[in-house]
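Q: Input: one structure, supplied below.
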Amino acid sequence: MRLEKALLFNPPVGMYQRGEDRCQAEVEGSSATSLRPPNDLGYIASMLRQIGVLPFIADYPAEGKQWEQFEKEFKAVQPDFVVMSITTPTIKDDMKAFSLIKRWDSNIFTIAKGAHFSTCNRDDLKEAVYDPMDVAISGEAETIMNNLILAKRQGSDLTRVRGILFRDRRGQIIQTDPESFWTDLDKIPFPARDLMKNSLYTRPDTGEPQATIQTSRGCPSQCIFCLSPLISGANLRERSVSNIVAELEECVYQYNIKNFFFRADTFTLRKSSVIELCQEIIKRKLKIAWVANSRVNTIDEERLMWMKKAGCWLVAFGIESGNDEIQKLIKKGTTRAQAIEAVSICKKIGLKTYGFFLIGFPWETREMIMDTLRLAKELRCTFSEIHIAIPYEGTELYRIVRDFGILKETAVGHNYFSNPAIDTMHVSREELMNLRKKALRSLYLNPGYIAKTLVQIRSFKELKNYTRYGIRLVKNQIKRVTPGTPGWHGADKA
């Protein structure tokens, strides 16, 4: 039997975090975010190898390639099926890839994956722009993909495949029963890094290759804006420490990668797991550097000390609001005081911090937003990012803004930084963007921050990288885009 081939790709539609379904952030519009590797496609590739499929991975935005190269390469591969990672902000532009593929060969089986399909109104997929898409995956793609391909290979009824959406012969969108979340994550093979161009995904300060390691899935928190419980469940599912460390060793010894982002919905959620992992890294004498995310109420000095000993150099905190009333309304479960304490402990221990803030909730007045921006200025994290809330379908935030009557457009085509989807009941989208820009200028483009950063730089390469991010920040400051005018939707795509 002829070996089937699969092309797994990110389409040439701007720099977005496609490999982490809950995020979907536009990289070039951010203040300090670097592009992370397509682990989602890497996991799928490793799974497909188990059923005798030859996979190829292509990340066109990361490689700086455009539609011409995309068309040339998929014709060269001649795949039997393709898998595209989409984001909600870019989904309609992403569909151009499937159109090109079907125009060349209508028999190629086109599959899309992304958080959008876990929460969207399925009737929206009847729009003509989605006609070239044969199947969408709703759930964790790597645990669904093989069942889908085996069913297609055998000519079986697709309604028996869990976790997918597809159009039947009458043009109706069929959504099958969801696939259960795998609880034993050790059964999932490591991402196929041999198919990735690992040098493209770097640590933002030093420019060294940086891999993403998924340590757990699922989040029991109830934040009204977050997709995590919808796409990975509310129960914490952890990989074993031995499995995580085995992947680290593969990266270090096979791919010469020594910098890592430990990805989890909340890495520090279970103290014993954090300490056990750190102790094993030290025991194996892995000389690595890594970052992780945390809530401000799931860290303490002991946890952070072990993290630092094991190579952690930065902790990213989802702080969100500086107004405790808003924190309650968004069900964050943390306070302004806890944020101050968490950042203070990190500074005491010598860990850098990345503060993530979120504005644009429906109840927010300008003064409430200023509480958040004042907290960001008070904390003085090493890096700071300010997102503007997006009401993704399926979230409680979506239901709230719909009921308040301020939902004028869905999240499709909108992003966190330059193209928000809603006004608050008191603040316009234009003002939200202006407040974000003003805050970032205050945080980054001031003599004190610049001087402190320059003092800490240890090489010309670091200086070059910081300069590159500084130029990006300045460019974003001078961009002017107004809602309702040509160029508004997707205006900041790379």
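The values are calculated or read from the model by the stated rules, or taken from the named source; none is laboratory data. Just so it is clear, the model here is predicted, and its values are computed rather than measured. Glycine gets a Cβ as well: all are built from the backbone with ideal geometry, and neighbour counts include every protein chain shown.
Q: What tally of residues in region 298-316 results from selecting those that are in a loop (DSSP other than H, G, I, E, B) and surrounded by 16 or more Cβ atoms within 10 Å (Cβ to Cβ)? Full working, then the answer.
A: Filtering region 298-316 for residues in a loop (DSSP other than H, G, I, E, B) gives 298-300, 310-311.
This time we only want the ones that are surrounded by 16 or more Cβ atoms within 10 Å (Cβ to Cβ), so: 298-299, 310-311.
Going through region 298-316 one residue at a time, the tally reaches 4.
Q: Which residue pairs have Cβ atoms under 6 Å apart, sit 6 or more places apart or on different chains, and have a first residue in region 47-76 that is at pLDDT 95 or above and a second that is outside any strand (DSSP E or B) and surrounded by fewer than 13 Cβ atoms within 10 Å (Cβ to Cβ)?
A: Qualifying pairs under 6 Å: Leu54/Leu3.
Q: Does Thr88 satisfy the condition of being in contact with a helix residue (DSSP H, G or I) (Cβ under 7 Å, 6 or more places away or on another chain) and of a type in the set (Val, Ile, Thr)?
A: Working: in contact with a helix residue (DSSP H, G or I) (Cβ under 7 Å, 6 or more places away or on another chain): yes; of a type in the set (Val, Ile, Thr): yes.
Considered against the rule, which asks whether it is in contact with a helix residue (DSSP H, G or I) (Cβ under 7 Å, 6 or more places away or on another chain) and of a type in the set (Val, Ile, Thr), Thr88 comes out as yes.
Q: Considering Pro37, Pro89, Pro55, Pro79, which residue is in a loop (DSSP other than H, G, I, E, B) and either more than 19 Å from the chain's Cα centre (by Cα) or surrounded by fewer than 24 Cβ atoms within 10 Å (Cβ to Cβ) (or both)? Before the answer, list the steps.
A: Working: Pro37 fails: either more than 19 Å from the chain's Cα centre (by Cα) or surrounded by fewer than 24 Cβ atoms within 10 Å (Cβ to Cβ) (or both); Pro89 fails: either more than 19 Å from the chain's Cα centre (by Cα) or surrounded by fewer than 24 Cβ atoms within 10 Å (Cβ to Cβ) (or both); Pro55 fails: in a loop (DSSP other than H, G, I, E, B).
Exactly one residue qualifies, and that residue is Pro79.
Q: When you check Asn107 against the structure, is it in the same structural domain as Ala136 (by TED's automatic domain parsing), farther than 23 Å from Gly218 by Cα and polar (S, T, N, Q), yes or no?
A: Details: in the same structural domain as Ala136 (by TED's automatic domain parsing): yes; farther than 23 Å from Gly218 by Cα: yes; polar (S, T, N, Q): yes.
Yes, satisfied.
Q: Here is a follow-up. For region 398-405, does any single residue satisfy the condition of being crowded, with 18+ Cβ neighbours inside 10 Å, at pLDDT 90 or above and under 23 Å from the mean Cα position of the chain (by Cα)?
A: Kept after step one, since they are crowded, with 18+ Cβ neighbours inside 10 Å, are these residues of region 398-405: 398, 400-401.
Applying the additional criterion that residues be at pLDDT 90 or above yields 398, 400-401.
Those still in the list that are under 23 Å from the mean Cα position of the chain (by Cα) too: 398.
Yes, some residue in region 398-405 is crowded, with 18+ Cβ neighbours inside 10 Å, at pLDDT 90 or above and under 23 Å from the mean Cα position of the chain (by Cα).
Q: Exactly one condition in (1) over 24 Å from Pro79 (Cα atoms); (2) over 19 Å from the mean Cα position of the chain (by Cα); (3) surrounded by 21 or more Cβ atoms within 10 Å (Cβ to Cβ) is not met by Ser216; state its number.
A: (2)
Q: Among the residues of region 102-124, is any hydroxyl-bearing (Ser, Thr, Tyr), more than 25 Å from Lys187 (Cα to Cα) and surrounded by fewer than 15 Cβ atoms within 10 Å (Cβ to Cβ)?
A: Within region 102-124, the first condition is being hydroxyl-bearing (Ser, Thr, Tyr), and the residues that meet it are 106, 110, 118-119.
Subsequent filtering for residues that are more than 25 Å from Lys187 (Cα to Cα) retains 106, 110, 119.
In the following step, the residues that additionally are surrounded by fewer than 15 Cβ atoms within 10 Å (Cβ to Cβ) were identified as 106.
Yes: one or more hits.
Q: Now for a separate question. State the number of residues belonging to region 177-194 that are touching a strand residue (DSSP E or B) at 6+ places or on another chain (Cβ under 8 Å) and either at pLDDT below 95 or surrounded by fewer than 18 Cβ atoms within 10 Å (Cβ to Cβ) (or both).
A: Result for region 177-194: 3.
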